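Novice: Supplied in C-alpha coordinates, the structure appears directly below.
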Amino acid sequence: MKNGIAFFFRRNAAAYMFLLPWLIGFVVLTLYPMIYSLYLGFTDYDFTKPDSTQLIGFGNYTKMFGSLFGVQDFTVATGEVMRVDPYYLKSLSVTFTYVFVSVPIKLAFALLIAMLLSQKLRFIPFYRAVYYIPTLLGGSVAIAVLWRKLFEKDGLLNGLLGGLGFTDLPGWITNPKYALSTLILLTVWQFGSSMIIFLAGLKQIPSEYYEASSIDGAGKVKQFIAITIPSLTPVILFNLIMQMIAAFQVFTQAYIIGGGKGGVLNSTLFYTLYLYIQGWTYHEMGYASAMAWVLLLIIGIFTAIIFKSSKYWVSYGSGE
(Lines give C-alpha, C1' and ligand atoms only; values in the text may rest on other atoms or scores of the structure.)
Protein backbone atom coordinates (compact mmCIF):
# COMPACT_ATOMS: atom_id res chain seq x y z
CA MET A 1 0.00 0.00 0.00
CA LYS A 2 2.78 2.43 0.96
CA ASN A 3 4.67 1.66 -2.23
CA GLY A 4 1.51 2.29 -4.26
CA ILE A 5 0.95 5.68 -2.60
CA ALA A 6 4.60 6.64 -3.08
CA PHE A 7 4.41 5.66 -6.75
CA PHE A 8 1.23 7.73 -7.17
CA PHE A 9 2.88 10.84 -5.77
CA ARG A 10 6.06 10.31 -7.79
CA ARG A 11 4.08 9.91 -10.98
CA ASN A 12 2.10 13.10 -10.30
CA ALA A 13 4.95 15.11 -8.78
CA ALA A 14 4.99 17.62 -11.64
CA ALA A 15 1.26 18.28 -11.28
CA TYR A 16 1.58 18.85 -7.54
CA MET A 17 4.48 21.24 -8.11
CA PHE A 18 2.30 23.32 -10.40
CA LEU A 19 -0.53 23.18 -7.85
CA LEU A 20 1.72 24.06 -4.93
CA PRO A 21 1.47 27.90 -5.24
CA TRP A 22 -2.32 27.67 -5.33
CA LEU A 23 -2.39 25.22 -2.41
CA ILE A 24 -0.16 27.47 -0.32
CA GLY A 25 -2.32 30.48 -1.15
CA PHE A 26 -5.50 28.57 -0.34
CA VAL A 27 -4.21 27.34 3.04
CA VAL A 28 -2.61 30.62 4.09
CA LEU A 29 -5.13 33.12 2.69
CA THR A 30 -8.42 31.17 2.88
CA LEU A 31 -8.47 28.02 4.98
CA TYR A 32 -6.45 29.27 7.95
CA PRO A 33 -8.32 32.62 8.23
CA MET A 34 -11.65 30.75 8.09
CA ILE A 35 -10.69 28.32 10.84
CA TYR A 36 -9.18 31.11 12.94
CA SER A 37 -12.30 33.28 12.54
CA LEU A 38 -14.43 30.34 13.67
CA TYR A 39 -12.34 30.20 16.85
CA LEU A 40 -12.55 33.98 17.31
CA GLY A 41 -16.34 33.76 17.16
CA PHE A 42 -16.24 32.09 20.59
CA THR A 43 -14.02 34.78 22.12
CA ASP A 44 -14.20 38.45 23.07
CA TYR A 45 -11.20 39.22 20.84
CA ASP A 46 -10.33 42.90 20.49
CA PHE A 47 -7.42 43.42 18.07
CA THR A 48 -6.32 46.49 20.07
CA LYS A 49 -6.03 44.31 23.21
CA PRO A 50 -5.00 40.87 21.92
CA ASP A 51 -3.51 39.77 25.27
CA SER A 52 -6.87 40.08 27.04
CA THR A 53 -8.72 37.66 24.73
CA GLN A 54 -10.89 35.14 26.58
CA LEU A 55 -13.19 32.33 25.56
CA ILE A 56 -16.82 33.29 26.15
CA GLY A 57 -18.55 30.23 24.66
CA PHE A 58 -21.72 31.08 22.77
CA GLY A 59 -21.80 34.60 24.20
CA ASN A 60 -21.50 36.31 20.81
CA TYR A 61 -24.36 34.24 19.39
CA THR A 62 -26.52 34.96 22.44
CA LYS A 63 -25.72 38.63 21.91
CA MET A 64 -27.10 38.35 18.37
CA PHE A 65 -30.29 36.38 18.95
CA GLY A 66 -31.04 36.86 22.65
CA SER A 67 -33.73 39.49 21.99
CA LEU A 68 -35.77 36.83 20.17
CA PHE A 69 -36.16 35.08 23.52
CA GLY A 70 -36.68 38.17 25.66
CA VAL A 71 -33.08 38.26 26.92
CA GLN A 72 -31.49 41.65 27.60
CA ASP A 73 -28.46 40.93 29.79
CA PHE A 74 -26.64 37.63 30.22
CA THR A 75 -23.49 36.28 31.81
CA VAL A 76 -20.80 34.57 29.74
CA ALA A 77 -18.32 31.87 30.76
CA THR A 78 -15.80 34.41 32.08
CA GLY A 79 -18.39 35.89 34.45
CA GLU A 80 -18.70 39.07 32.40
CA VAL A 81 -22.19 40.48 31.90
CA MET A 82 -23.03 41.23 28.26
CA ARG A 83 -25.96 43.03 26.70
CA VAL A 84 -27.94 41.77 23.72
CA ASP A 85 -27.25 43.67 20.51
CA PRO A 86 -30.28 45.91 19.81
CA TYR A 87 -29.33 46.52 16.15
CA TYR A 88 -28.41 43.04 14.93
CA LEU A 89 -31.93 41.96 14.00
CA LYS A 90 -32.43 45.32 12.27
CA SER A 91 -29.43 44.58 10.03
CA LEU A 92 -30.91 41.17 9.24
CA SER A 93 -34.27 42.72 8.40
CA VAL A 94 -32.75 45.34 6.08
CA THR A 95 -30.62 42.72 4.33
CA PHE A 96 -33.48 40.25 3.87
CA THR A 97 -35.70 43.01 2.46
CA TYR A 98 -32.95 44.04 0.06
CA VAL A 99 -32.30 40.48 -1.12
CA PHE A 100 -35.92 39.37 -1.51
CA VAL A 101 -36.93 42.54 -3.36
CA SER A 102 -33.88 43.37 -5.46
CA VAL A 103 -32.98 39.91 -6.77
CA PRO A 104 -36.37 39.04 -8.40
CA ILE A 105 -36.69 42.53 -9.89
CA LYS A 106 -33.12 42.43 -11.19
CA LEU A 107 -33.57 39.02 -12.80
CA ALA A 108 -36.91 39.98 -14.35
CA PHE A 109 -35.43 43.17 -15.79
CA ALA A 110 -32.35 41.32 -17.06
CA LEU A 111 -34.55 38.76 -18.80
CA LEU A 112 -36.68 41.48 -20.39
CA ILE A 113 -33.64 43.30 -21.79
CA ALA A 114 -32.09 39.99 -22.91
CA MET A 115 -35.22 39.15 -24.89
CA LEU A 116 -35.17 42.57 -26.54
CA LEU A 117 -31.49 42.21 -27.43
CA SER A 118 -31.97 38.71 -28.81
CA GLN A 119 -33.97 40.13 -31.71
CA LYS A 120 -32.38 40.59 -35.12
CA LEU A 121 -31.96 44.34 -35.06
CA ARG A 122 -29.21 46.75 -36.11
CA PHE A 123 -26.48 47.73 -33.66
CA ILE A 124 -27.38 44.89 -31.26
CA PRO A 125 -23.70 44.22 -30.31
CA PHE A 126 -23.34 47.91 -29.40
CA TYR A 127 -26.46 47.84 -27.21
CA ARG A 128 -25.29 44.68 -25.49
CA ALA A 129 -22.01 46.34 -24.59
CA VAL A 130 -23.74 49.48 -23.36
CA TYR A 131 -26.14 47.55 -21.14
CA TYR A 132 -23.29 45.50 -19.70
CA ILE A 133 -21.23 48.53 -18.64
CA PRO A 134 -23.24 49.20 -15.41
CA THR A 135 -22.23 45.76 -14.15
CA LEU A 136 -18.56 46.64 -14.60
CA LEU A 137 -18.89 50.02 -12.91
CA GLY A 138 -21.82 49.64 -10.51
CA GLY A 139 -19.89 48.18 -7.59
CA SER A 140 -17.26 50.93 -7.57
CA VAL A 141 -16.91 53.72 -5.04
CA ALA A 142 -17.20 56.32 -7.81
CA ILE A 143 -20.63 55.07 -8.88
CA ALA A 144 -21.80 54.93 -5.25
CA VAL A 145 -20.76 58.57 -4.77
CA LEU A 146 -22.45 59.52 -8.04
CA TRP A 147 -25.63 57.72 -6.99
CA ARG A 148 -25.60 59.55 -3.66
CA LYS A 149 -25.28 62.91 -5.42
CA LEU A 150 -28.00 61.96 -7.87
CA PHE A 151 -30.56 61.20 -5.16
CA GLU A 152 -29.74 63.91 -2.62
CA LYS A 153 -32.35 66.55 -1.86
CA ASP A 154 -30.60 69.02 -4.17
CA GLY A 155 -29.47 66.30 -6.57
CA LEU A 156 -30.09 65.87 -10.28
CA LEU A 157 -33.26 63.79 -9.86
CA ASN A 158 -35.01 66.39 -7.76
CA GLY A 159 -33.77 69.08 -10.13
CA LEU A 160 -35.44 67.31 -13.06
CA LEU A 161 -38.64 66.63 -11.12
CA GLY A 162 -38.70 70.23 -9.89
CA GLY A 163 -38.46 71.41 -13.48
CA LEU A 164 -41.58 69.37 -14.22
CA GLY A 165 -43.52 71.13 -11.47
CA PHE A 166 -43.08 68.75 -8.54
CA THR A 167 -42.53 70.39 -5.16
CA ASP A 168 -41.60 69.35 -1.60
CA LEU A 169 -39.42 66.55 -2.90
CA PRO A 170 -37.55 64.49 -0.28
CA GLY A 171 -33.89 63.70 -0.07
CA TRP A 172 -34.21 60.15 -1.32
CA ILE A 173 -30.97 59.02 0.35
CA THR A 174 -31.57 60.73 3.68
CA ASN A 175 -35.24 59.81 3.98
CA PRO A 176 -35.62 56.42 5.75
CA LYS A 177 -38.74 55.68 3.70
CA TYR A 178 -36.85 55.75 0.40
CA ALA A 179 -33.16 55.14 1.24
CA LEU A 180 -33.33 51.36 0.84
CA SER A 181 -35.32 51.73 -2.38
CA THR A 182 -32.55 53.81 -3.95
CA LEU A 183 -30.05 51.04 -3.19
CA ILE A 184 -32.40 48.47 -4.67
CA LEU A 185 -32.67 50.63 -7.77
CA LEU A 186 -28.87 50.77 -7.97
CA THR A 187 -28.48 46.99 -7.90
CA VAL A 188 -31.27 46.52 -10.46
CA TRP A 189 -29.36 48.93 -12.71
CA GLN A 190 -26.43 46.49 -12.57
CA PHE A 191 -28.29 43.79 -14.50
CA GLY A 192 -25.65 43.29 -17.20
CA SER A 193 -24.09 40.01 -16.05
CA SER A 194 -27.47 38.30 -15.65
CA MET A 195 -28.56 39.71 -19.01
CA ILE A 196 -25.55 38.20 -20.80
CA ILE A 197 -26.23 34.80 -19.26
CA PHE A 198 -29.91 35.01 -20.21
CA LEU A 199 -28.88 35.94 -23.76
CA ALA A 200 -26.74 32.81 -23.97
CA GLY A 201 -29.67 30.74 -22.69
CA LEU A 202 -32.06 32.25 -25.21
CA LYS A 203 -29.69 31.36 -28.05
CA GLN A 204 -29.83 27.70 -26.99
CA ILE A 205 -33.61 27.43 -27.37
CA PRO A 206 -34.35 25.72 -30.76
CA SER A 207 -36.30 27.99 -33.10
CA GLU A 208 -38.37 24.94 -34.12
CA TYR A 209 -40.20 25.17 -30.80
CA TYR A 210 -41.49 28.64 -31.63
CA GLU A 211 -42.30 27.74 -35.23
CA ALA A 212 -44.35 24.70 -34.17
CA SER A 213 -46.22 26.68 -31.51
CA SER A 214 -46.99 29.43 -34.04
CA ILE A 215 -48.53 26.85 -36.34
CA ASP A 216 -50.66 25.69 -33.41
CA GLY A 217 -51.86 29.27 -32.92
CA ALA A 218 -49.80 30.21 -29.83
CA GLY A 219 -49.17 33.92 -29.38
CA LYS A 220 -46.07 35.62 -28.00
CA VAL A 221 -47.29 35.53 -24.40
CA LYS A 222 -48.13 31.83 -24.53
CA GLN A 223 -44.79 31.07 -26.19
CA PHE A 224 -43.01 32.96 -23.42
CA ILE A 225 -44.84 31.03 -20.70
CA ALA A 226 -44.81 27.60 -22.33
CA ILE A 227 -41.45 27.63 -24.13
CA THR A 228 -39.09 30.41 -23.05
CA ILE A 229 -39.45 30.19 -19.28
CA PRO A 230 -39.28 26.34 -19.03
CA SER A 231 -36.27 26.27 -21.37
CA LEU A 232 -34.50 28.93 -19.33
CA THR A 233 -35.07 27.39 -15.89
CA PRO A 234 -31.46 26.09 -15.57
CA VAL A 235 -30.19 29.57 -16.41
CA ILE A 236 -32.67 31.14 -14.00
CA LEU A 237 -31.44 28.77 -11.28
CA PHE A 238 -27.83 29.80 -11.86
CA ASN A 239 -28.60 33.53 -11.97
CA LEU A 240 -30.83 33.29 -8.91
CA ILE A 241 -28.15 31.66 -6.76
CA MET A 242 -25.33 33.92 -7.92
CA GLN A 243 -27.34 37.12 -7.52
CA MET A 244 -28.70 36.05 -4.13
CA ILE A 245 -25.20 35.38 -2.79
CA ALA A 246 -23.97 38.72 -4.14
CA ALA A 247 -26.95 40.57 -2.63
CA PHE A 248 -26.30 39.13 0.83
CA GLN A 249 -22.73 40.43 0.64
CA VAL A 250 -23.46 43.96 -0.58
CA PHE A 251 -21.23 46.48 1.17
CA THR A 252 -19.71 49.28 -0.91
CA GLN A 253 -22.97 50.93 -1.91
CA ALA A 254 -24.38 50.80 1.62
CA TYR A 255 -21.15 52.13 3.11
CA ILE A 256 -20.78 55.08 0.74
CA ILE A 257 -24.43 56.02 0.23
CA GLY A 258 -25.39 55.44 3.86
CA GLY A 259 -22.45 57.45 5.13
CA GLY A 260 -20.76 54.42 6.68
CA LYS A 261 -23.25 54.28 9.56
CA GLY A 262 -26.31 52.57 8.16
CA GLY A 263 -28.18 55.66 7.03
CA VAL A 264 -30.91 57.59 8.82
CA LEU A 265 -32.64 55.42 11.48
CA ASN A 266 -30.47 52.51 10.29
CA SER A 267 -32.55 52.28 7.11
CA THR A 268 -29.56 51.01 5.13
CA LEU A 269 -27.82 49.05 7.90
CA PHE A 270 -26.85 46.07 5.78
CA TYR A 271 -25.47 42.97 7.45
CA THR A 272 -21.96 43.25 6.02
CA LEU A 273 -21.84 46.96 6.85
CA TYR A 274 -22.82 46.26 10.45
CA LEU A 275 -20.25 43.47 10.59
CA TYR A 276 -17.62 45.95 9.42
CA ILE A 277 -18.72 48.51 12.02
CA GLN A 278 -18.52 45.96 14.83
CA GLY A 279 -15.11 44.69 13.77
CA TRP A 280 -13.28 47.82 12.66
CA THR A 281 -15.09 50.67 14.41
CA TYR A 282 -15.85 49.07 17.78
CA HIS A 283 -12.91 46.62 17.58
CA GLU A 284 -15.17 43.70 18.54
CA MET A 285 -13.51 41.30 16.13
CA GLY A 286 -14.73 38.22 17.99
CA TYR A 287 -18.32 39.35 17.59
CA ALA A 288 -17.71 40.28 13.94
CA SER A 289 -16.25 36.82 13.28
CA ALA A 290 -19.36 35.20 14.77
CA MET A 291 -21.53 37.42 12.56
CA ALA A 292 -19.54 36.34 9.50
CA TRP A 293 -20.18 32.67 10.24
CA VAL A 294 -23.88 33.30 10.75
CA LEU A 295 -23.97 35.02 7.34
CA LEU A 296 -22.22 32.02 5.80
CA LEU A 297 -24.82 29.74 7.39
CA ILE A 298 -27.70 31.91 6.16
CA ILE A 299 -26.38 31.93 2.58
CA GLY A 300 -25.81 28.18 2.76
CA ILE A 301 -29.35 27.52 4.00
CA PHE A 302 -30.99 29.62 1.28
CA THR A 303 -28.76 28.10 -1.40
CA ALA A 304 -29.66 24.60 -0.20
CA ILE A 305 -33.38 25.49 -0.24
CA ILE A 306 -33.14 26.75 -3.81
CA PHE A 307 -31.26 23.64 -4.94
CA LYS A 308 -33.73 21.38 -3.12
CA SER A 309 -36.73 23.10 -4.68
CA SER A 310 -35.16 23.17 -8.15
CA LYS A 311 -36.27 19.60 -8.86
CA TYR A 312 -39.86 20.88 -8.93
CA TRP A 313 -39.35 23.77 -11.36
CA VAL A 314 -36.07 23.31 -13.28
CA SER A 315 -36.18 21.38 -16.54
CA TYR A 316 -32.99 20.18 -18.24
CA GLY A 317 -34.73 18.99 -21.39
CA SER A 318 -33.88 15.35 -20.73
CA GLY A 319 -36.80 14.36 -18.56
CA GLU A 320 -34.99 15.25 -15.32
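Novice: Count the lysine pairs in the stretch 70-206 whose Cα atoms lie under 30 Å apart, taking only pairs 8 or more positions apart in sequence or on different chains.
Specialist: 12
Novice: What is the spread of the Cα atoms of the stretch 238-296 along each of their three principal axes, largest first, in whole Å?
Specialist: Cα extents, longest axis first: 37, 26, 16 Å.
Novice: Contact order normalised by length for the stretch 204-320, with contacts defined as Cα pairs under 8 Å and 6 or more residues apart; what percent is it?
Specialist: 26
Novice: Can you bin every Cα-Cα distance in the chain into 10 Å intervals starting at zero and give me the percent of pairs per bin, rounded to whole numbers?
Specialist: Bins of 10 Å from zero give 5, 18, 23, 23, 18, 9, 3, 1, 0 percent of pairs.
Novice: Can you give the relative contact order of the stretch 107-215 as a percent, counting alpha carbon pairs under 8 Å and 6+ residues apart?
Specialist: 42
Novice: Hey, what D do you get for the stretch 101-172 in µm²/s if you plug the Kirkwood alpha-carbon radius into Stokes-Einstein at 10 °C and 1.306 mPa s?
Specialist: Roughly 107 µm²/s, to the nearest whole number.
Novice: In nm, to one decimal, how far is the modelled label at ILE133 from the one at LYS261, with both set 7 Å along Cα→Cβ?
Specialist: 3.6
Novice: Accessible area per residue of the chain at 1.4 Å probe, in Å²?
Specialist: Per residue, the chain has an accessible area of 60 Å².
Novice: Further question: Can you give the FRET efficiency to the nearest 0.05 for GLN54 and ILE215, using r as the Cβ-Cβ distance and R₀ = 56 Å?
Specialist: With R0 = 56 Å, the Cβ-Cβ based efficiency is 0.15.
Novice: Still on this model: Would you mind telling me the share, in percent, of accessible area of the stretch 182-320 contributed by carbon and sulfur at probe 1.4 angstrom?
Specialist: 67
Novice: Next question, about the same structure. In straight Cα distance, which aspartates and glutamates are under 12 Å from LYS311, not counting same-chain residues fewer than 8 positions off?
Specialist: Qualifying aspartates and glutamates at Cα under 12 Å: GLU320.
Novice: So, one more: Over the stretch 207-320, consider all pairs of different Cα atoms and compute the Kirkwood hydrodynamic radius from their mean reciprocal separation; express it in Å, one decimal.
Specialist: One over the average 1/r among Cα pairs gives 17.4 Å for the stretch 207-320.
Novice: Additional query: What Kirkwood radius, in Å to one decimal, follows from the Cα pairs of the stretch 143-204? Mind showing how you got there, number by number?
Specialist: Numbers: mean 1/r = 0.0750 Å⁻¹.
One decimal place: 13.3 Å for the Kirkwood radius.
Novice: Determine the calculated [θ] at 222 nm for the chain from helices alone, applying -39500 (n - 2.57) to every DSSP H run no shorter than 4 residues and normalising by the residue count; nearest 500 deg cm²/dmol.
Specialist: -19500 deg cm²/dmol
Novice: Here's a follow-up. Among LEU202, LEU295, LEU164, determine the one that fluctuates most according to a GNM of the chain built with springs between C-alpha atoms less than 10 Å apart.
Specialist: It is LEU164.
Novice: In Å and on Cα atoms, what radius of gyration and Dmax does the stretch 110-149 show?
Specialist: 13.0, 38
Novice: Using all C-alpha to C-alpha distances in the stretch 24-158, build P(r) with 5 Å bins and read off the rounded percent in each one.
Specialist: 2, 7, 9, 10, 12, 12, 11, 11, 10, 7, 4, 3, 1, 1, 0
Novice: Another question, then. Take each of the peptides 11-20, 306-315, 223-232, average the number of other beta-carbon atoms within 10 Å over its residues, and list them starting from the highest.
Specialist: Order by mean packing, descending: 223-232, 306-315, 11-20.
Novice: Restricting things to alpha carbons, find the Rg to Rh ratio for the stretch 80-130 using the Kirkwood radius for Rh.
Specialist: 1.43
Novice: Report the relative contact order of the chain, percent, no decimals, based on alpha-carbon pairs under 8 angstrom and at least 6 residues apart.
Specialist: On the way: 349 pairs, mean separation 77.1, N = 320.
With pairs under 8 Å counted, the relative contact order is 24 percent.
The values are calculated or read from the model by the stated rules, or taken from the named source; none is laboratory data. Nothing here was measured: the structure is a model prediction, and the numbers come from that model. FYI the Cβ positions are ideal-geometry reconstructions off the backbone, even for glycines, and counts take in every protein chain you see. Side chains are part of the model used for accessible areas, which takes the heavy atoms of the whole protein and leaves out ligands, DNA and RNA. Shrake-Rupley method; radii C 1.70, N 1.55, O 1.52, S 1.80 Å.
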